Every structure is written in structure tokens, then in C-alpha cells.
Amino acid sequence: MADVPFWKRKTLTEMTREEWESLCDGCARCCLAKLEDEDTGEIAYTNVACRLLDHETCRCTKYAKRSLFVPDCITLTPENVTRLRWMPSTCAYRLLAEGKDLPAWHPLVSGDPDSVHYAGISVRGRAVPERRALDLEDYIVTWPA
């Protein structure tokens, strides 16, 4: 059983903080601005990245204190991950919460932290800085879903 990866033998609530954090594949799709239609509830994804995102590494530059700098940044927890409809379909947290496995390109599976970028899953090279975007509706894209 020791050779079975933790994400296959533990629930999200059973994971240690280190295990939980390691589930993040570094795609940064959750760091993109999203728009919600008030009438339908439909989510539209944009390619506009949070101002704290490092566009090369696809990691938050102020991760530990991100909520101080971006008050509406949502901290994922095992309790809220299933309620966040805007989480990308490729997100490890969402996949595991839905009873699915991690894809081959996930760094925990591949052993390579850059595999998410090589697979074209991350926002690297596709996101625009928040300060450059004037009207979010001009930046709606379909790929993060």
C-alpha cells in the first residue's frame, strides 16, 4: 500500500497540508479573471491573470499572503472545492473531488514540475497582465474551462 500514491489512498480531507498543496499542478487557470452572467449563472473565462501571478512560473508571487493583496482570492479547501463551479475541469482538486484520477501530465504523476507547461495546460504564454486589460469582456477565451 505504501507504493500507492497518497491521492489514490486518501480523501482530500485526510491529506496533510503538504500533500494538499502538492496537488496544485501550477497551471494558474484558477488565477484568471472570470465573469458570471447574472441571469444564467454561466461562467466566462478570460485570459487576464491576477496581478500577483508570475507569468513565467505560473505561481503566485505572494502566495502566503495573497488574501491581503487580493481580498477576493479564494483559498481552496476540501470543503469548498466541490462548490466552486468555476474551477477548471483539469484542476487536480476538482478531479479528485469528482472521484477521478490525476492526468499523466500532472507533476505528481510525471515527476516533472514543467510537464503541465509542456502539455499546454498552463497559462504560460497565454495570459495577459491584469493592468493591461481594460474591459474583461474583450478577453473572454474558451480554453481554461
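The values are calculated or read from the model by the stated rules, or taken from the named source; none is laboratory data. As the structure is a prediction and not an experimental result, all values here were calculated from the model. Glycine also receives a Cβ, built like all others from the backbone with ideal geometry; neighbour counts cover every protein chain displayed.
To keep it simple, each residue is scored yes or no on (1) surrounded by 15 or more Cβ atoms within 10 Å (Cβ to Cβ); (2) not in a helix (DSSP H, G or I).
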site	(1), (2)
Asn47	yes, yes
Ala64	no, no
Asn80	no, yes
Arg94	yes, no
Gly99	no, yes
Ile121	yes, yes
Pro144	yes, yes
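Among (1) within 14 Å of the chain's Cα centre (by Cα); (2) within 24 Å of Asp138 (Cβ to Cβ); (3) assigned to a loop (DSSP other than H, G, I, E, B); (4) of a type in the set (Gly, Ala, Ser), there is one condition Gly26 misses while meeting the rest; what is its number?
If we test Gly26 against (1) within 14 Å of the chain's Cα centre (by Cα); (2) within 24 Å of Asp138 (Cβ to Cβ); (3) assigned to a loop (DSSP other than H, G, I, E, B); (4) of a type in the set (Gly, Ala, Ser), just (2) comes out false.
Look at region 122-145 and say how many of its residues are within 23 Å of Thr77 (Cα to Cα) and at pLDDT below 95.
2
How about region 126-142: which of its residues are without any contact (Cβ under 8 Å) to a residue 60 or more places away in the chain and either β-branched (Val, Ile, Thr) or assigned to a loop (DSSP other than H, G, I, E, B) (or both)?
Leu134, Asp135
Residues being β-branched (Val, Ile, Thr) and either in a loop (DSSP other than H, G, I, E, B) or surrounded by fewer than 19 Cβ atoms within 10 Å (Cβ to Cβ) (or both): count how many of those fall in region 101-119. Working first, answer last.
Looking only at region 101-119, we keep the residues that are β-branched (Val, Ile, Thr), and these are 109, 116.
Next cut, either in a loop (DSSP other than H, G, I, E, B) or surrounded by fewer than 19 Cβ atoms within 10 Å (Cβ to Cβ) (or both) only: 109.
Summing the residues that are β-branched (Val, Ile, Thr) and either in a loop (DSSP other than H, G, I, E, B) or surrounded by fewer than 19 Cβ atoms within 10 Å (Cβ to Cβ) (or both) in region 101-119 gives 1.
Can you work out which of the residues in region 5-33 that are in contact (Cβ under 8 Å) with a residue 40 or more places away in the chain and hydroxyl-bearing (Ser, Thr, Tyr) is surrounded by the most Cβ atoms within 10 Å (Cβ to Cβ)?
The selected residue is Ser22.
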